[in-house]
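Remarks on the structure that follows.
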Amino acid sequence: MKLFKYIIIGFLFGFGMWKLEAVSTFRIIEMFHFQSFHMYGIIISGVIVGMIITQLFKKGKIKTIQGETIKIDDKSRTWWRYILGGIIFGMGWALTGVCSGMMFVLVGSGYTVFIVFIGAALLGTFAYGYFRKALPH
Amino acid sequence: MKDFLEQAHTFISQPWPWWMGGVIIGLTLFLLLKFNKEFGLSANLRTMCAADGAGEYSDFFQFEWEKQGWNLMVALGAMFGGYVAANYFGGDGLAHVSQATVDTLNQIAGKDLLTTTSVHFVPGQDTTHGVGIPDFWNLYSWGSLFTLRGLIIIVGGGFLIGFGARYAGGCTSGHAISGIANLQLPSLVAVVGFFIGGLIMTWLLLPYILQITI
């Protein structure tokens, strides 16, 4: 039952993303054509609220449930992986209009073919792990 | 009471404004941080690989994946959320994109297939959803999987997302939301990368890929 609360959190997120149309391929096409503020509004408002919350946690103004100040590791200061990995991810995102969170929401909504999509994403993850040492980071 | 519930249902079922993104993302982030967890859904792909024994092939998959169960539960919850939203609070089931986007979509298709009142949420069709979607936009269905175009999009796209997310160390939730919210410069670089890749795909490649008829 310790894990049950995370199902609730995921439910909230998945439900919200569906209602916000962030799962819609057409919304992503619209975003990359800069034809509506909608997707940018979702991301920017999420980031602004998220930034305030994260900083409050880091400064210890809000404690975790154990009463501690949270420690979040900084991302490693290398650049190739972020720019190259980012470009590859972005190409997949724009090709499908679906990102790695939304594919779970879409399977649940009844588009069962997204099981294959998740399988392909697992294959991509495995390929990265396999070739990792040969890639610039 | 019944009236109240019906009104609540109608209220929730209408399209949500963009600023609800701040509410939903903020709440998700708050709850996860409260439980000492970092938000990032693509990390689940690494966990699933590791749980299937990928550690034999790469030390990238040798980590304490058993401790990632909570994140799999977030993904499972997101599935339930999608199920309930789509089936019980779907409203008109349309993506309320702008007229400019409808024009762009019709330009890509080369035919006036869509209007602002016929753009479905998902460009796909199954037994319960997307009935009446034009064949050209039927990308996500089992039938589509067995065409070259569908295969490129579903399998090729899924592969790029899985590969790119791990290479970049995060996806839209891990970098664009959590990372930038934590003022991480690498996350901003990754998001710039998302947009470079996204713009190349959208403007230079996608229109041709969608034209494939086999």
> Within the group A:Ile9, A:Ile83, A:Ile62, which residue is within 16 Å of the chain's Cα centre (by Cα), surrounded by 13 or more Cβ atoms within 10 Å (Cβ to Cβ) and among the β-branched types (Val, Ile, Thr)?
Replying inline: A:Ile9
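For (1) open to solvent by 50 Å² or more (accessible area, probe 1.4 Å); (2) closer than 30 Å to A:Ile48 by Cβ, each residue gets a yes or a no:
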{"site": "B:Thr117", "(1), (2)": "yes, no"}
{"site": "B:Val122", "(1), (2)": "no, yes"}
{"site": "B:Gln125", "(1), (2)": "yes, no"}
{"site": "B:Asp135", "(1), (2)": "yes, no"}
{"site": "B:Leu139", "(1), (2)": "no, no"}
{"site": "B:Ile177", "(1), (2)": "no, yes"}
{"site": "B:Leu188", "(1), (2)": "yes, yes"}
{"site": "B:Ile196", "(1), (2)": "yes, yes"}
{"site": "B:Trp203", "(1), (2)": "yes, yes"}
>> Filter the range B:34-83 down to the residues that are within 17 Å of B:Thr172 (Cβ to Cβ), not in a loop (DSSP other than H, G, I, E, B) and not hydrophobic (A, V, I, L, M, F, W, C) and list them by number.
In response: B:Asn44, B:Arg46, B:Asn71, B:Gly81, B:Gly82
>> List the helices (runs of 4 or more DSSP H) inside the range B:116-213, counting only whole elements, that have at least 1 residues being more than 8 Å from chain A (Cβ to nearest Cβ) and polar (S, T, N, Q).
In response: none
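Take the residues in the range B:53-70 that are out of contact with any Phe, Trp or Tyr (no Cβ under 7 Å at 6 or more places or on another chain) and within 16 Å of B:Gly162 (Cα to Cα), then tell me which one is most open to solvent (accessible area, probe 1.4 Å). Don't jump to the end; show me each part of the working.
Step one: filter the range B:53-70 for residues out of contact with any Phe, Trp or Tyr (no Cβ under 7 Å at 6 or more places or on another chain), giving B:53, B:56, B:59-69.
Among the residues that remain, those that are also within 16 Å of B:Gly162 (Cα to Cα) are: B:60-61.
Values: B:Phe60: 21, B:Phe61: 4 Å².
So the residue we want is B:Phe60.
The values are calculated or read from the model by the stated rules, or taken from the named source; none is laboratory data. These numbers were taken from a predicted model, which means no experiment stands behind them. No Cβ is skipped: glycine too gets one built from the backbone with ideal geometry, and neighbour counts run over all protein chains shown. The accessibility values were calculated without ligands, DNA or RNA, using every heavy atom of the protein model including side chains. Shrake-Rupley method; radii C 1.70, N 1.55, O 1.52, S 1.80 Å.
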